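Worksheet: one structure, shown below.
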Amino acid sequence: MDLLFLPGNAASRQSSWAAGHGNTVSQFRVESRSCLGRAENHVLHFSFSCSHAVCIFYLVLRALDTIEDDMTISLETKVPMLHEFHSYLYQPEWRYTESKEKDKQVLEDFPTISLEFRNLAEVYQDVITDICRKMGVGMAEYLEKKVNSVQDLDKYCHYVAGLVGIGLSRLFSASELEDPIVGQDTELANSMGLFLQKTNIIRDYLQDQLEGREFWPREVWSRYAKKLSDFAKPENADVAVQCLNELITNALHHVPDVLKYLSRLKNQSVFNFCAIPQAMAIATLAACYNNKQVFRGVVKIRKGQAVTVMMDATNVQAVKAIIYQYVEEIYQKIPSTDPSSNKTQQIIATVRTMSLPSSTIVSRNHYSPIYLSCAMLLAALSWQYLSAMSKASEEYIQAGEN
């Protein structure tokens with residue numbers, strides 16, 4: 001499950017709290033030995049009134065994902081658990097103590113999480129329950145089903161990431177921080193999740209191969225190789241990159257929806273929360289495009305580059321400029337002999353039209369020293385947030401053991 005919308009990683013796979021939650025969180029830190037407290041620490045880097053609901057949403061989905069990932073649970077046990085997991089939110093004593101996964105504490109401490117869930121406003125409970133139910137059904141479907149077609153890829157990404165985007169959007173609207181259309185337009189919210197998840201799947205080719213997982217659709221890779229694992233062989237580097245470029249081109253088709261979604265957001269913290277992962281994703285795709293290193297290791301953008309992106313992604317015009325910069329970088333790297341070159345050029349032309357730099361964007365060179373210092377602090381906190389969320393579950397467990 002991809003929680004990059006709520007930043008994290010899994011291609012298997014926010015700031016003060018709302019008034020009245022302070023004592024509850026402190027109590028949580030004692031009772032659940034930091035299980036929720038540590039999630040709250042990361043959520044604190046953003047400021048909106050439904051942050052408590054967002055935090056519970058994250059932990060509930062993390063628990064669901066832990067069941068799905070646990071290979072020691074038989075299918076006869078796992079499938080009913082996934083289908084019924086949403087109902088456990090209303091069972092005060094339900095917990096699961098037999099998991100062998102590293103994130104097992106969220107299942108062992110589930111009564112604490114479900115208690116806080118039941119203390120949420122009913123409108124938030126309804127959103128979380130609905131998304132949890134749909135995701136559980138989708139996870140059960142893909143326990144044995146492989147990603148064969150591009151349509152399968154979109155469906156899988158919808159279950160594990162698109163639904164996260166839809167759920168968050170509905171929470172934003174339910175809190176009245178954003179207009180109702182943000183939560184109602186599920187197509188755009190779904191695209192936000194799909195763009196992030198496809199980026200993870202593309203970038204994590206080698207890691208997934210080493211762990212025995214395959215998410216690149218057979219419909220695409222079978223035109224370039226007999227087996228997906230063949231791309232890791234040096235003699236197949238050229239065709240591997242061609243397949244990579246085709247998948248990146250597919251992912252870029254979500255960018256217009258991303259821009260439309262972000263253009264609707266009014267709350268600054270919600271905007272930052274949503275925009276930063278999307279900006280990081282386009283930078284990651286630019287680094288991966290036509291890059292053989294994807295099949296040799298993990299391609300990462302530099303920390304300094306990441307901080308710059310996070311500092312800049314504070315309004316829709318700035319995000320458009322970031323996207324324009326990185327699609328231009330991709331455009332400059334398109335090989336004339338690449339089978340997908342025409343399609344790549346076409347989608348880049350569309351994105352260019354939507355993201356032409358605006359003359360109203362102010363250069364950081366014109367910021368006051370005080371503003372720049374604050375921006376640097378925000379960027380540093382955001383970088384810590386983005387890095388730490390992918391390791392949050394490990395931290396929960398370590399805190400529990402201590």
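Here is a list: Ser263, Ser229, Ser222, Ser173. Which entry is open to solvent by less than 40 Å² (accessible area, probe 1.4 Å) and hydroxyl-bearing (Ser, Thr, Tyr)?
Ser173 is the lone residue from the list that is open to solvent by less than 40 Å² (accessible area, probe 1.4 Å) and hydroxyl-bearing (Ser, Thr, Tyr).
Determine which member of the set Ala39, Ala10, Ala63, Ala18 is modelled with pLDDT under 90 and outside any loop (DSSP other than H, G, I, E, B).
Ala39
Among the residues of region 234-245, count how many are open to solvent by 10 Å² or more (accessible area, probe 1.4 Å) and closer than 16 Å to Val327 by Cβ.
Number satisfying all stated conditions: 0.
Could you list, ordered by first residue, the pairs with Cβ atoms under 8 Å in which the first is in region 110-126 and closer than 27 Å to Glu98 by Cα and the second is open to solvent by 70 Å² or more (accessible area, probe 1.4 Å), at least 6 apart or interchain?
Here the result reads Phe110/Arg95; Pro111/Glu93; Pro111/Arg95; Thr112/Glu31; Ser114/Tyr90; Ser114/Gln91; Arg118/Tyr90, each pair linking region 110-126 to a residue that is open to solvent by 70 Å² or more (accessible area, probe 1.4 Å).
If you take the residues of region 313-336 that are among the aliphatic types (A, V, I, L, M) and in a helix (DSSP H, G or I), which of them is nearest to Ala287 (Cα to Cα)?
It comes out as Ile330.
Please go through (1) open to solvent by 40 Å² or more (accessible area, probe 1.4 Å); (2) not in a loop (DSSP other than H, G, I, E, B) for Phe273 and return the number of the only condition it doesn't satisfy.
Against the list (1) open to solvent by 40 Å² or more (accessible area, probe 1.4 Å); (2) not in a loop (DSSP other than H, G, I, E, B), Phe273 comes up short only on (1).
I'd like to verify a number: residues in region 337-377 that are outside any helix (DSSP H, G or I) and at pLDDT 95 or above, how many?
4
Look through Gly193, Gly162 and report the one residue that is touching a Ser or Thr at 6+ places or on another chain (Cβ under 8 Å), open to solvent by less than 10 Å² (accessible area, probe 1.4 Å), closer than 30 Å to Leu265 by Cα and among the small types (Gly, Ala, Ser).
One residue alone meets the criteria, Gly162.
Here are some conditions: (1) assigned to a helix (DSSP H, G or I); (2) modelled with pLDDT of 95 or more. Ala306 meets all but one. Which one does it not meet?
(2)
Go through region 226-250 residue by residue and tally those that are of a type in the set (Gly, Ala, Ser) and touching a Phe, Trp or Tyr at 6+ places or on another chain (Cβ under 6 Å).
Residues flagged as of a type in the set (Gly, Ala, Ser) and touching a Phe, Trp or Tyr at 6+ places or on another chain (Cβ under 6 Å) within region 226-250 amount to 2.
The values are calculated or read from the model by the stated rules, or taken from the named source; none is laboratory data. Keep in mind it's a predicted model, so treat the numbers as computed, not measured. Glycine gets a Cβ as well: all are built from the backbone with ideal geometry, and neighbour counts include every protein chain shown. Heads up: the accessible areas ignore ligands, DNA and RNA and are worked out on the full protein's heavy atoms, side chains in. Shrake-Rupley method; radii C 1.70, N 1.55, O 1.52, S 1.80 Å.
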